[in-house]
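**Student:** Can you keep this structure in mind? I'll have questions shortly.
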Amino acid sequence: MAANEEMNELRVRLCPLAEDVASGFDVTLDYSEASVEHVERILGEVHNNYLTTHSEEGMRGIALEFGAYLVTVLERHYGPVVWKRDHPTIGGETFPVYWRGTTLFPYGWGLKRIFDGPGDEICSKWEACVVQRAKPQS
C-alpha cells in the first residue's frame, strides 16, 4: 500500500473518533471552516482537564484525531494535500501536511494546545498558516 493511501485510510479512521470526542462536548463537527473554532474550544477544555489531572494518557491520540480532522477540513476547502507520518528532518510520527508549497503540522498544533494552553491557540495558527496563505495575492 502506498504511503499516501495508508495515511488517507488513517484519516478515514481518525475523523469519526474526533467527531465522537466532539459529541462528548455537545459539538457536531461538520468539516466547515467555522468548525476550527470548535476544535479550539474542545482542545482548550482538554487542556484544562490536563492541568487538573496532569495525565498525558490519551492526549496524543486526541491530538492526532483532531489533526486528521484539520487535514480533512484543509483539503475540503483549499485543495489537495499530502499527509505523511514522518518528516525527513523533524522526525518520525510528526504527521506533516504538505500543501501549496508549505509544510503544516496540525498534529503538533493540537499537542501544543493541549499541553501548553491558550498561547498555542489553533484558530490563530489556522488563520496565519492556511487562510492568509490561501488568499489570492494582489
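**Student:** Pairs needed: first member in the range 77-91, assigned to a strand (DSSP E or B); second member anywhere, β-branched (Val, Ile, Thr) and at pLDDT 95 or above; C-beta distance under 9 Å; at least 6 residues apart or different chains.
**Tutor:** Val82/Val97; Trp83/Val71; Trp83/Val97; His87/Thr94; His87/Thr103
**Student:** Suppose we filter Phe66, Phe95 for residues that are within 28 Å of Ala2 (Cα to Cα), in contact (Cβ under 8 Å) with a residue 24 or more places away in the chain and outside any helix (DSSP H, G or I); which single one remains?
**Tutor:** Working: Phe66 fails: outside any helix (DSSP H, G or I).
Testing whether each residue is within 28 Å of Ala2 (Cα to Cα), in contact (Cβ under 8 Å) with a residue 24 or more places away in the chain and outside any helix (DSSP H, G or I) leaves just Phe95.
**Student:** List the residue pairs whose Cβ atoms are under 7 Å apart, where the first residue sits in the range 1-24 and is touching a residue at least 40 places away in the same chain (Cβ under 8 Å) and charged (D, E, K, R), the second is surrounded by 11 or more Cβ atoms within 10 Å (Cβ to Cβ) and in a helix (DSSP H, G or I), and the two are 6 or more positions apart or on different chains.
**Tutor:** Matching pairs, first to second residue: Arg11/Ala68; Arg11/Val71; Arg11/Thr72.
**Student:** Test His38 against the criterion of being closer than 20 Å to Gly119 by Cα, modelled with pLDDT of 95 or more and more than 14 Å from the chain's Cα centre (by Cα), and give yes or no. Step through it out loud before you land on a result.
**Tutor:** Details: closer than 20 Å to Gly119 by Cα: yes; modelled with pLDDT of 95 or more: yes; more than 14 Å from the chain's Cα centre (by Cα): no.
When the stated conditions are applied, His38 does not pass them.
**Student:** Take the residues in the range 128-138 that are surrounded by fewer than 13 Cβ atoms within 10 Å (Cβ to Cβ) and in a helix (DSSP H, G or I); name whichever of them is farthest from the chain's Cα centre (by Cα). Walk me through it before giving the result.
**Tutor:** Taking the range 128-138 as the starting set, the residues that turn out to be surrounded by fewer than 13 Cβ atoms within 10 Å (Cβ to Cβ) are 128, 132, 135-138.
Cutting the leftovers down to in a helix (DSSP H, G or I) gives us 128, 132.
Values: Ala128: 15, Gln132: 17 Å.
My answer is Gln132.
**Student:** With assigned to a helix (DSSP H, G or I), among the β-branched types (Val, Ile, Thr) and out of contact with any Cys (no Cβ under 8 Å at 6 or more places or on another chain) as the only criterion, which of Val21, Val36 stands out? Please lay out each step first, then the result.
**Tutor:** Working: Val36 fails: out of contact with any Cys (no Cβ under 8 Å at 6 or more places or on another chain).
The conditions single out Val21.
**Student:** Inside the range 84-107, can you point out the residues that are closer than 17 Å to Asn8 by Cα, loosely packed, with under 13 Cβ neighbours inside 10 Å and of a type outside the set (Asp, Glu)?
**Tutor:** Hits for the range 84-107: nothing passes.
**Student:** Given Gly110, Gly117, which one is among the small types (Gly, Ala, Ser), surrounded by 13 or more Cβ atoms within 10 Å (Cβ to Cβ), under 17 Å from Ala22 (Cβ atoms) and in contact (Cβ under 8 Å) with a residue 12 or more places away in the chain? Outline the logic, then answer.
**Tutor:** Working: Gly117 fails: under 17 Å from Ala22 (Cβ atoms).
The unique qualifying residue is Gly110.
The values are calculated or read from the model by the stated rules, or taken from the named source; none is laboratory data. No experiment lies behind these values; they were computed from the predicted model shown. All Cβ positions, glycine included, derive from the backbone under ideal geometry; neighbour counts span all protein chains shown.
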